[in-house]
2 protein chains.
Amino acid sequence: MTAVGSPAAEEPARRRGRRPAGEDTRAAILAAALSEFATRGYEGTTLRGIARAAAVDPRLVHHYFDGKDDVFVAAMQLPVRPLDVVNRIVEGGVDGIGERLVRTFFAVWDTDEGRERIVALLSSVLSSEAGARMIKEFLTREIFGRVVAVLGGPDPELRASLAASQMIGLVMARYVVKLEPLASAHPDDFLPLVGPVMQRYLSGTFD
Amino acid sequence: MTAVGSPAAEEPARRRGRRPAGEDTRAAILAAALSEFATRGYEGTTLRGIARAAAVDPRLVHHYFDGKDDVFVAAMQLPVRPLDVVNRIVEGGVDGIGERLVRTFFAVWDTDEGRERIVALLSSVLSSEAGARMIKEFLTREIFGRVVAVLGGPDPELRASLAASQMIGLVMARYVVKLEPLASAHPDDFLPLVGPVMQRYLSGTFD
């Protein structure tokens, strides 16, 4: 079966039993997206390519998803859309961005489901070059640019990547290695220590 | 075949072709150690247990290795014995410990072989609970205690685990995710940024 017509053409097709619709179509798009992201990376994947792989009209992809990052978030089963969170964090500018970032991050991810998803993401990074590239490109394209744009000072890209390394390390140490006392601490216990460090990376000062 | 006699009894036994000696014995001990560490964790593994699993006299383990951490380092094919490096770092006390730690770490690991080994270690952490426990226990027992002992101030264990999280994150971001510009930067480029952060975690001040 090849690509079908517009979203409007979808309903009759489904009634004739020729293709799934609704949740099935969405699931088919996500399955195609997973495969496309894994083989082409985040940068190399297009909504049009996902539509082609799912054998649906590209307009259907736009019907279900609000852009490539939204498809990625759904395919990876992330509990939030990072773009929304990052926008909230950078809206306040550089003042207090370190503490805001750490606080928001753990509010989103420090749940059973959040931990499980982010550990799964990290596993895919370590299990294949393609997985690593996919995550790197997503972070670089969808998150870094927005953070770097609000930073002043020298080497903002290097400082942003160091800030990201600290967040990746917190996830690894707390959720995967389960290093104590970090693993059992309440975020309120380490926020006063990590916040100023993130602030230092992002603004060059400690508060 | 069961345990044999003392190291002195080894040579005649080999000549009679009854058991391997020298490198073969060492290799048998390391193979047994890998299996013991993976199933019992670092804490639960003993030199006596390794000897039993390798079917050699415990004195042979002591003949080839200078303690449990030394067996671990050899079994994991680490390029250095972390204990030696940590001792050098903490000898100078808290003054400048952050920069010393980062500089020494990258001098040791930032080679092709070093990267390969440390990424393999991280992969074993992510691939199984047992792998994660083994690494956690090694870090906690052999490295943390020594670092925490020289730290002053409140919550030295929490601050040491946060410092470890930053080092784990640097390894993940630079070697695995290959986040730019961190991945391609020379250590001298990020040392001035990471050193003060590590110093902050370890001493509570920035220099």
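The values are calculated or read from the model by the stated rules, or taken from the named source; none is laboratory data. Please read all numbers here as calculations on a predicted model, not as lab measurements. Note: ideal-geometry Cβ built from the backbone for every residue, glycine included; neighbour counts use all protein chains shown.
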Inset, instruction - State the number of residues belonging to segment A:173-188 that are assigned to a helix (DSSP H, G or I) and touching a Leu at 6+ places or on another chain (Cβ under 7 Å). - result: 3
Inset, instruction - Find the residue count for segment B:100-124, including only residues that are of a type in the set (D, E, K, R) and within 13 Å of B:VAL171 (Cβ to Cβ). - result: 4
Inset, instruction - Answer yes or no: is there a residue in segment B:55-64 that is β-branched (Val, Ile, Thr), outside the structural domain of B:ARG133 (by TED's automatic domain parsing) and under 20 Å from B:PHE144 (Cβ atoms). - result: no
Legend entry - Whichever residue in segment A:145-169 is in contact (Cβ under 8 Å) with a residue 60 or more places away in the chain and within 26 Å of B:ASP155 (Cβ to Cβ) and, among such residues, is surrounded by the most Cβ atoms within 10 Å (Cβ to Cβ): A:ALA163
Inset, instruction - Working carefully through the options B:VAL194, B:VAL176, find the one that is at pLDDT 95 or above, within 23 Å of the chain's Cα centre (by Cα), assigned by TED's automatic domain parsing to the domain that holds B:ILE89 and not acidic (Asp, Glu). - result: B:VAL194
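Taking the conditions exactly as written (over 18 Å from B:ALA33 (Cα atoms) and out of contact with any strand residue (DSSP E or B) (no Cβ under 6 Å at 6 or more places or on another chain)), does B:VAL71 satisfy them or not?
No: the conditions fail for B:VAL71.
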Inset, instruction - Output the residues belonging to segment B:179-207 that are over 22 Å from B:LEU151 (Cα atoms) and surrounded by 17 or more Cβ atoms within 10 Å (Cβ to Cβ). - result: B:LEU179, B:LEU182, B:ALA185, B:PHE190
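Inside segment B:104-161, counting only helices (runs of 4 or more DSSP H) that do not spill past its ends, which hold 3 or more residues that are away from chain A (no Cβ under 11 Å)?
Answer list for segment B:104-161: B:112-127, B:145-150.
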Legend entry - Residue match in segment B:128-135 (condition: surrounded by 17 or more Cβ atoms within 10 Å (Cβ to Cβ), in the same structural domain as B:MET167 (by TED's automatic domain parsing) and closer than 14 Å to B:ARG146 by Cβ): no
Legend entry - Output for segment B:32-82, where each listed residue is touching a residue at least 60 places away in the same chain (Cβ under 8 Å) and closer than 20 Å to B:ALA120 by Cβ: B:PHE37, B:ALA38, B:THR39, B:GLY41, B:TYR42, B:ASP69, B:PHE72, B:PRO82
Legend entry - Selected residue [more than 21 Å from A:GLU23 (Cβ to Cβ) and either within 14 Å of the chain's Cα centre (by Cα) or not acidic (Asp, Glu) (or both)] from A:ARG117, A:ARG59, A:ARG48, A:ARG81: A:ARG48
Inset, instruction - Take the residues in segment A:95-154 that are acidic (Asp, Glu) and at pLDDT 85 or above, then tell me which one is nearest to A:SER184 (Cα to Cα). - result: A:ASP110
Inset, instruction - List every residue pair whose Cβ atoms lie under 7 Å apart, where the two residues are 6 or more positions apart in sequence or sit on different chains, the first residue falls within segment A:178-194 and is free of Cβ contacts under 8 Å to residues at least 60 places away in the same chain and more than 7 Å from chain B (Cβ to nearest Cβ), and the second residue, located anywhere, is assigned to a helix (DSSP H, G or I) and loosely packed, with under 15 Cβ neighbours inside 10 Å. - result: none
Legend entry - Restricting segment A:23-56 to residues that are among the charged types (D, E, K, R) and either touching an Asp or Glu at 6+ places or on another chain (Cβ under 8 Å) or under 17 Å from A:GLY131 (Cβ atoms) (or both), the residue that is surrounded by the fewest Cβ atoms within 10 Å (Cβ to Cβ): A:GLU43
